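Have a look at the structure below, then the notes.
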Amino acid sequence: MAKGSAAMAAAAAAVLALAALLCAPAAAELARLEHPAKNDGSLSLLVVGDWGRKGTYNQSRVAEQMGKVGEQLGIDFVVSTGDNFYENGLTGTDDQAFEQSFTDIYTAKSLQKPWYLVLGNHDYRGDVLAQLSPVLRKIDSRFICMRSFIVNAEIVDFFFVDTTPFQLKYWTHPKDDHYDWRGVAPREKYLANLLKDLDEAMRKSTATWKIAVGHHTMRSVSDHGDTKELLQLLLPVLQANGIDFYINGHDHCLEHISSKNSPIQYFTSGGGSKAWRGVFQPNEDNAEFFYDGQGFMSLQLDHNQAEFTFYDVNGNVLYQYTQSSLRKTSHLQPSGYATEE
């Protein structure tokens, strides 16, 4: 327990020191946080997305089961795949929704670990700088939210990617929604810098596992489907650098997709609250698992294998997938950078 508290404090301190980077477009080396693995070198974590609804739409029930599973697995931290606060992010650092949707919901002892979070499109509809502010960590030190960053946990490097700016429609056809593009505009420069930073960081990684985390789907058979901008711009960087898994939210479901033209496995964990959209649209990829309801995911890693498990709102195991680490040392080819047509 003391070790967990020390790790959380160390991670929070590291983020505070990097707070000045949060408001600026990516233009330098990505912020990197260190999180120790267990004494045996293994790592356990939970992944949840699309949750911030002040406990409604079964958010509280999902949180309860997360607490139980978290205790069973002795988790090291939690990953959020974004859309942390509905419907329109936070209004400021004093928005009570922060505590009503986060602090007051995820109360289990096992969940009092660092939470590493990316922003979703609904978060961008509010005050983004507030959600990135160190002020929130003074309210709840678990909350570590940045645009794009790296968490190194010894055997694995997690590359957290700010995917909302990739989607062109948010810029050109926002409808009645307002997006907070401070620190992001102009889009083309921001994305070019981000892709360059990610490529360099991924290429330098010597971790057994490489995992990318974003909010938006790259491959999905649910409501939002594939995100063409991510397939065109981000996927080539992931492929060129041997990324093993891409984990996302956005679609309010649980799914595992394997692509026919890439070894990368795609996992959606977006069932943190409102779900049951009733949309299933098969595509050319292989839908290994799909569940159109609330729930969350666990991930257990060691040097030899990665095990993914999906749970429903009652804590029932819905699906498990295990992959062995067969990484071979080889020269990774330069990715180049795709441009939009």
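In segment 321-332 there is no residue matching the filter, namely being surrounded by fewer than 19 Cβ atoms within 10 Å (Cβ to Cβ), modelled with pLDDT under 95 and not in a loop (DSSP other than H, G, I, E, B).
When segment 259-268 is filtered for residues that are modelled with pLDDT of 95 or more and either open to solvent by 10 Å² or more (accessible area, probe 1.4 Å) or hydrophobic (A, V, I, L, M, F, W, C) (or both), the ones remaining, listed by number, are Ile264, Gln265, Phe267. Scanning segment 269-297 for residues that are under 16 Å from Tyr319 (Cβ atoms), out of contact with any helix residue (DSSP H, G or I) (no Cβ under 6 Å at 6 or more places or on another chain) and open to solvent by less than 40 Å² (accessible area, probe 1.4 Å) returns Ser269, Gly270, Gly271, Ala275, Phe289, Asp292, Gly293, Gly295, Met297. Of the residues examined, Arg137 is one that is among the basic types (Lys, Arg), within 24 Å of Tyr86 (Cβ to Cβ) and either touching a residue at least 40 places away in the same chain (Cβ under 8 Å) or touching a Cys at 6+ places or on another chain (Cβ under 7 Å) (or both). Number of residues in segment 266-291 that are farther than 22 Å from Ser101 by Cα and over 18 Å from the mean Cα position of the chain (by Cα): the value is 14.
The values are calculated or read from the model by the stated rules, or taken from the named source; none is laboratory data. Everything numeric in this text was worked out from a predicted model, so none of it was measured. Every residue, glycine among them, receives a Cβ derived from its backbone with ideal geometry; neighbour counts consider all protein chains shown. Just the protein is used for accessible areas: all its heavy atoms, side chains included, with ligands, DNA and RNA removed. Shrake-Rupley method; radii C 1.70, N 1.55, O 1.52, S 1.80 Å.
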